[in-house]
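Everything below concerns the one structure shown next.
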Amino acid sequence: MTTIRCDNLTKTYTVPVRDPGLLNAAKSLFHRRTRDVEAVKDVCFELAEGEIVGFLGPNGAGKTTTLKMLSGLLQPTDGQVEVLGFKPFRRQRDFLRQITLVMGNRNQLVWDIPVADSFERNRAIYGLERPAFTETVDMLVELLDLAELLDKPVRNLSLGERMKCEVAVALLHRPRILFLDEPTLGLDVTMQRRIRTFVAEYNRTSGATVLLTSHYMADVEALCERVLVIHHGQLLFDGQLDELVQRFSPHKTIVVDLETEEADLSDYAEVVHTEGNRVTLTVPKELTAATTGRLLADLPVIDLTVEDPPIEEVIERVFTQQLQHDPDSTSDDSATP
Amino acid sequence: MSAWFGDIYRTLFKIELAVMFQYRAAVVIWLIGLVLQPVIYLVVWLTVAETEGGRVGDFDAGSLSAYFLIMMVVNHATFSWHMWEMGYRVRSGSFNSLLVQPLHPFHRDIIQNMAYKVLSLAIVLPVTALLWWFFEPTLTPEPWMWIALGPAVALAFLVRFFFEWSLALLAFWITDTSGLNNLYMALFFFLAGRMAPISLLPSWGQAIANALPFRLMLAFPVELLMGRLTPEQVMDGFLTQILWIGLGWLTVHLVWTRASARYSAVGA
């Protein structure tokens, strides 16, 4: 069942333009200039119920703007968007009760009072029955290890603790759709893993649909089979993560440990990195088997591994290729709220 | 539906009260400002009365004291600050977390306002009693005036809240609304009877004050308790207050739809 459908979704911001300097500031009083910035342009995709999809792109690519349109914060300039059969921008209560939006730096927790009071506030706002609420709180406390935090004022929590509580308070009403915008931003590796495990567990037990943006590829690799890649507001890729690697990375990485140091392997393949007796090479995918065979036959090899390049590298390659196709386009972070 | 709203109002009220307790010093400083202003006006008007032979218009020292002290309490009960906060919410994107929840921000603001009033009344009332003892005002209301005061103040609060919330929504069109807010406050000071009783204004000033909702936000309950209005005038005041509330509700409803469509949800 399709839960999210975007059809030529577009958002254009009109931003004021002013040259620097006092004179130009004075001129702008009488002659106001603006320009349109297309933050999201003709984006089309569908998400099925229960999917976890990674939404990738550099800063200013249009990820957050898209999430804001899907959650009803922003009205699209053009195109159609439907979430659970609702037009998000109408912000009907029945729609808002079934979704949640977690943004890395913005919060639903009340700063000055204990976490449990924020939970209680959301219980009332979402009209949750007491038994179901208690059951959900117990589940969240256990999964996210919150027992020690509930009676602490939010301002006294560490960033990681606060983020765990943010995720918990956003899920008290057991939403069917989760929009997670950088949920692990600024967290240490342990805390990132915990949030990640929790999201996977919540998705497994509730069947919720998750659309996740993250700059940490570990999040995406751990959670998402499918990814959407957006750049300059346009969708560049929609498919399986493996397919992304296949399509945008025609190379493999070979790491060789040799018995001797300072061997020159440039005749075999492009040398990416040498450290002691470990050499990292990159080879066109179709030459991987032949190159590996030659290395093993010719050299005193202790160990050899063949890997796909890191996902960060693949994503970077996607953006680079897009830039080569579209050299005039430039990123405009500041213009994209 | 009504049970849900009842639960929301009860729960959020308690939570807002708990938040206010965290800001005791700020609450007290705000209150000092709220008390000082009318006391200064009172002292100025008492001085004017003294130089004019004991009276200014139809007010003597006792009734001037009564007017400004009652006005202080009514102003406290009816004031709101959200028009100053709305611009920040829009500019900073802090509206985001409110808009994704199934509760209109209007309700949250009204609950926050009520919580503040309940907490601060615990200070305002004893301070008023102290000032009452000091200034020795003259006040002899009839019982029906005390009964009518409650609804008059409640309606005045709603007129003011709807009016100022509608005005606050202009923050979606104008980046910085502080100039507009100051202009509104200047009008309010004169036309609501805060700086001087409306009967002391020139006749054209009185006509404007009566045509706009300002008087109904503040001076009307004060004049009621001071026995300066007939029962017919009080009924007329109630009806006009209800009319303005209806108009305010309609304005908030219509403007909100357009205002939130303009929202650019800045910030992550």
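Can you pull out every residue in the stretch A:103-129 that is farther than 22 Å from residue A:201 by Cα, more than 10 Å from chain B (Cβ to nearest Cβ), outside any loop (DSSP other than H, G, I, E, B) and not small (Gly, Ala, Ser)? The answer is A:115, and nothing else. For residue B:155, the requirement of being away from chain A (no Cβ under 14 Å), surrounded by 18 or more Cβ atoms within 10 Å (Cβ to Cβ) and farther than 22 Å from residue B:70 by Cα is not met. Out of the stretch B:223-268, which residues are within 14 Å of chain A (Cβ to nearest Cβ), of a type outside the set (Gly, Ala, Ser) and in a loop (DSSP other than H, G, I, E, B)? Of everything in the stretch B:223-268, those that are within 14 Å of chain A (Cβ to nearest Cβ), of a type outside the set (Gly, Ala, Ser) and in a loop (DSSP other than H, G, I, E, B) turn out to be B:263, B:266. Checked against (1) of a type in the set (S, T, N, Q); (2) in a helix (DSSP H, G or I); (3) more than 30 Å from residue A:83 (Cα to Cα), residue B:97 meets all criteria but (3).
Here residue A:1 meets the list (1) of a type outside the set (Asp, Glu); (2) touching a His at 6+ places or on another chain (Cβ under 6 Å); (3) closer than 24 Å to residue A:87 by Cβ almost entirely, failing just condition (2).
Condition test on residue A:95, is it within 27 Å of residue A:201 (Cβ to Cβ), crowded, with 18+ Cβ neighbours inside 10 Å, more than 22 Å from the chain's Cα centre (by Cα) and within 14 Å of chain B (Cβ to nearest Cβ)? Yes: the conditions hold for residue A:95.
For residue A:100, the stated conditions hold: it is crowded, with 16+ Cβ neighbours inside 10 Å, outside any helix (DSSP H, G or I) and assigned by TED's automatic domain parsing to the domain that holds residue A:84. Test residue B:66 against the criterion of being surrounded by fewer than 19 Cβ atoms within 10 Å (Cβ to Cβ), under 22 Å from the mean Cα position of the chain (by Cα) and among the hydrophobic types (A, V, I, L, M, F, W, C), and give yes or no. When the stated conditions are applied, residue B:66 does not pass them.
Does the stretch B:193-212 contain at least one residue that is polar (S, T, N, Q), within 14 Å of chain A (Cβ to nearest Cβ) and surrounded by fewer than 20 Cβ atoms within 10 Å (Cβ to Cβ)?
no
Is it the case that some residue within the stretch A:136-149 is in contact with a His (Cβ under 7 Å, 6 or more places away or on another chain), surrounded by 15 or more Cβ atoms within 10 Å (Cβ to Cβ) and more than 24 Å from residue A:219 (Cβ to Cβ)? No, the conditions are met nowhere in the stretch A:136-149. Considering (1) in contact with a strand residue (DSSP E or B) (Cβ under 6 Å, 6 or more places away or on another chain); (2) more than 14 Å from chain A (Cβ to nearest Cβ); (3) surrounded by 19 or more Cβ atoms within 10 Å (Cβ to Cβ); (4) not basic (Lys, Arg), the lone condition that residue B:48 does not fulfil carries the number (3). Residues that are more than 9 Å from chain B (Cβ to nearest Cβ) and closer than 18 Å to residue A:11 by Cα were ranked within the stretch A:82-92; the one that is surrounded by the fewest Cβ atoms within 10 Å (Cβ to Cβ) is A:90. Among the residues of the stretch B:191-203, are any in contact (Cβ under 8 Å) with a residue 60 or more places away in the chain and more than 19 Å from the chain's Cα centre (by Cα)? Checking the stretch B:191-203: at least one residue is in contact (Cβ under 8 Å) with a residue 60 or more places away in the chain and more than 19 Å from the chain's Cα centre (by Cα).
Filtered by the rule that a residue be closer than 18 Å to residue B:82 by Cα and either surrounded by fewer than 16 Cβ atoms within 10 Å (Cβ to Cβ) or among the polar types (S, T, N, Q) (or both), the stretch B:228-256 gives B:249, B:251, B:253. Out of all the residues in the stretch B:129-136, is one or more more than 18 Å from residue B:76 (Cα to Cα), assigned to a helix (DSSP H, G or I) and in contact with a Lys or Arg (Cβ under 9 Å, 6 or more places away or on another chain)? Looking through the stretch B:129-136, none of the residues is more than 18 Å from residue B:76 (Cα to Cα), assigned to a helix (DSSP H, G or I) and in contact with a Lys or Arg (Cβ under 9 Å, 6 or more places away or on another chain).
For the stretch A:275-304, filtering for residues that are part of a strand (DSSP E or B) and farther than 23 Å from residue A:247 by Cβ leaves 7.
Of all residues in the stretch A:178-205, exactly one satisfies the criterion of being touching a Gly at 6+ places or on another chain (Cβ under 9 Å) and small (Gly, Ala, Ser), namely A:186.
Just to be sure I understand, how many residues within the stretch B:3-24 are of a type in the set (Asp, Glu) and more than 8 Å from chain A (Cβ to nearest Cβ)?
The qualifying residues number 1.
Count of the stretch A:153-176 residues, restricted to those that are touching a residue at least 24 places away in the same chain (Cβ under 8 Å), in a loop (DSSP other than H, G, I, E, B) and farther than 23 Å from residue A:128 by Cα, is 1. Taking the criterion of being within 14 Å of chain B (Cβ to nearest Cβ) and in a strand (DSSP E or B), the residues of the stretch A:1-25 that qualify are A:11, A:12, A:13, A:14, A:15, A:16. For the stretch A:26-81, enumerate the residues that are in a loop (DSSP other than H, G, I, E, B), more than 12 Å from every other protein chain (Cβ to nearest Cβ) and not charged (D, E, K, R). Matches in the stretch A:26-81: A:31, A:50, A:57, A:58, A:61, A:62.
Put simply, of A:289, A:297 the only residue that is of a type in the set (Gly, Ala, Ser), modelled with pLDDT of 75 or more and either under 29 Å from the mean Cα position of the chain (by Cα) or more than 29 Å from residue A:221 (Cα to Cα) (or both) is A:297. For the stretch B:98-133, filtered to residues that are surrounded by fewer than 18 Cβ atoms within 10 Å (Cβ to Cβ) and of a type in the set (Gly, Ala, Ser), the residue that is nearest to residue A:95 (Cα to Cα) is B:122.
The values are calculated or read from the model by the stated rules, or taken from the named source; none is laboratory data. Since we're looking at a predicted model, the values are computed, not measured. As a convention, Cβ positions derive from the backbone with ideal geometry for all residues, glycine included, and neighbour counts pool all protein chains shown.
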